[in-house]
Each structure stands twice: as structure tokens, then as C-alpha cells.
1. Given (1) in contact (Cβ under 8 Å) with a residue 60 or more places away in the chain; (2) in contact with a helix residue (DSSP H, G or I) (Cβ under 9 Å, 6 or more places away or on another chain); (3) not in a helix (DSSP H, G or I), identify the lone condition not met by Ile179.
2. Go through segment 146-168 and give me each residue that's touching an Asp or Glu at 6+ places or on another chain (Cβ under 9 Å) and either in a helix (DSSP H, G or I) or within 18 Å of Phe23 (Cβ to Cβ) (or both).
3. Let me confirm something: among Leu230, Leu239, which residue is in contact with a helix residue (DSSP H, G or I) (Cβ under 9 Å, 6 or more places away or on another chain) and surrounded by fewer than 20 Cβ atoms within 10 Å (Cβ to Cβ)?
4. Given (1) away from the ligand (no atom under 16 Å from the Cβ); (2) assigned to a helix (DSSP H, G or I), where does Phe270 come up short, assuming only one miss?
5. So Ser18 ticks every box in (1) surrounded by fewer than 18 Cβ atoms within 10 Å (Cβ to Cβ); (2) in contact with a helix residue (DSSP H, G or I) (Cβ under 9 Å, 6 or more places away or on another chain); (3) part of a loop (DSSP other than H, G, I, E, B) but one. Which box is left unticked?
6. Within segment 1-16, track down each residue that is acidic (Asp, Glu) and at pLDDT below 80.
Amino acid sequence: SDHHLDYPISPAHMDWSSHYPAFLDPDTSKTTLGGARKLLKDVEVVDIGCGFGGLLVGLAPLLPETLMVGMEIRISVLEYVTSRIHALRMQQQKLKNAAIAGTGATSQDSNNTVEQPAIEDEVGNTTAVVPGNYENISGIRANTMKFLPNFFDQHQLSKIFVCFPDPHFKARKHKARIISESLNAEYAYALRPGGLMYTITDVEEYHHWVLRHFEYQSEEEKDRGGVKDLWERLTDEELAADPCVHVMSVETEESKKVSRNNGNKYVAVFRRKADPEWS
Ligand code: SAM
């Protein structure tokens, strides 16, 4: 339910300061419309229904300078994500301190060329310092079906992820799906031209639902035109070249569950095209 859901009255009122303290603008005279400290950059990647945060944690070192947020409606799940990210940041800080003091272990990077600070836990797993130190990811509790435009301005986002959305199998529940005509218009509003909308599901029927909601199904429909003009699907070659697709396919908690059960994963990514010129 939406009871006690906090949301800003506009993106300009949103207080991100506690989410990304490493990215605070040092100029304290700059404030949001609500009077909070500003960040040096905007949040530009959103994971809708982030669950336990596996995607964010996987993407964090890949896009260390990009601010990313997971949005999750369940309180307990969001609390888990928040403490998970906090623990990762603390661990990174500990590693860096150990490296500065010269007491840390080291690990080799993937090319086996550079030694990086690392730390060994009780069971002997070695963890290395990762780019970005997880300072660039955070989670907020939100119902994205209702309040997305409260958080993000037009063209603010470069990527939106919808990973393994709740399938709502029954036809009378389809209106609860997180991909729909009206929500896709909101995603198109928040994404900048060239931005990407990532989807993955293990439910084949939902995959077709996704395709139907982003692509014209007939010449007649295309001639009529509409919001689908704003989307173009990425080719298999483009998907293979995008490391985010790989992370999305293997790092979310749901994707791991599907792998364990030898299930199928259906991926579709759509590029937000430029706004049409109305003449
Ligand atoms: N994306 C994660 C993954 O791949 O592991 C979680 C997938 S889980 C099946 C779907 C998640 O979406 C749940 O955690 C659910 O609470 C969340 N969710 C559903 N509706 C939502 C909404 N309107 N706003 C935010 N989160 C929502």
C-alpha cells in the first residue's frame, strides 16, 4: 500500500544528499527547492523493483561515476538493500585504510598486472577494492507505478531496468504490470534520447507482452502512430556488446534463481529515440 510512502513534490525538491554523500557538492550555498544539499551530478540509472539489489551491486563497479538508484515498494526488502550497500561501503573503506597503512593483503586484477588492495574474510574469501566503492548506488522505497515523475525530470535518465517483474498472470491483474502503455510513456519522458530501457523476464508470455507494448504489431498500427514511435529495439549484436545486459542476466537475485532452475531468460532492450519534430 502507499501508506507512509515518502515522495518529493517534484524532482527539484528531492533530497538525495544522504544517499550519495561522496558526491555532495562542496558548495553548501547550493540547495534543492526543499533546502537540502545538492549533489555534483544527477541520478541517471534506475532499477525499478530492485528487490535485494543484486543488479545495483553488479553495476556499481562497471559505472563507477554514474549515480544509480533501486526503487522498491516492500519496506523490509528496501531495508535489506540499504544495509547491504552500507556494509559494502564500510568494507571498501576498511580496505582502503588497510592499504594506506600498508597492512592490507593484495589481489591481482583480471589482467594479473596491477596489485589491488584486498581483504580476506573469516572463510578465506578475498575481496578487492572496486572502482566507485559502492558510493554510487542507493535504494529508495517507492511505488514507481505512481510516483516516478516525482523523482526524475524529463530526459534525466540514461538507463531504466525492469528485471524479472512480478508476472501478474491473470488477465484481470494485467493492469498491475509494470510495463504498460501509460507507464511506457512515463519511461519515455524520464529517459533521454539515446537512453536505454532494459527488460528481462523468465515468463515467455510476459516477454511478448513487453514486445507488444514497445513495438508496433502491424503496418496499420504503425501508420496510426503513437508513443511506440519513441522506441527502437536493440539488435542481438548490440545486446552482446553491452556489459549491462550480462550483469542483468546473471546478477539479480531472481536471475540466479532462474539459472538454478534451468529456466529461460528473455531479454529485450529498447533505445529511446529522439523526440519527433512536430511541425
Ligand atoms: N528485480 C529484482 C530481481 O531481478 O531480483 C526483483 C524481482 S521481484 C520478482 C519484483 C520486485 O518488484 C519485488 O521486489 C516487488 O516488491 C517490486 N515491485 C513490484 N511493484 C512495484 C512498484 N510498483 N514499485 C516498486 N517496486 C515494485
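The values are calculated or read from the model by the stated rules, or taken from the named source; none is laboratory data. Not measured: the values here are computed from a predicted model. Here Cβ is always computed from backbone atoms with ideal geometry, including for glycine, and neighbour counts include all displayed protein chains.
1. Only one criterion is unmet by Ile179, namely (1).
2. Lys146, Phe147, Leu148, Pro149, Phe152, Asp153, Gln156, Leu157, Ser158, Lys159
3. Within the list Leu230, Leu239, the selection yields Leu239.
4. Every condition holds for Phe270 apart from (2).
5. (2)
6. Asp2
Listed here are the residues, each with its yes/no results for (1) within 11 Å of the ligand (Cβ to nearest atom); (2) under 24 Å from Gly132 (Cβ atoms).
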residue: Ser18; (1), (2): no, yes
residue: Lys30; (1), (2): no, yes
residue: Lys41; (1), (2): no, yes
residue: Val45; (1), (2): no, yes
residue: Leu56; (1), (2): yes, yes
residue: Leu59; (1), (2): no, yes
residue: Thr66; (1), (2): no, yes
residue: Ile75; (1), (2): yes, no
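Here is a yes/no grid of residues against (1) surrounded by 18 or more Cβ atoms within 10 Å (Cβ to Cβ); (2) outside any loop (DSSP other than H, G, I, E, B):
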{"position": "Leu5", "(1), (2)": "no, no"}
{"position": "Pro8", "(1), (2)": "no, no"}
{"position": "Val46", "(1), (2)": "yes, yes"}
{"position": "Phe52", "(1), (2)": "yes, no"}
{"position": "Pro61", "(1), (2)": "no, no"}
{"position": "Glu65", "(1), (2)": "no, no"}
{"position": "Val69", "(1), (2)": "yes, yes"}
{"position": "Met90", "(1), (2)": "no, yes"}
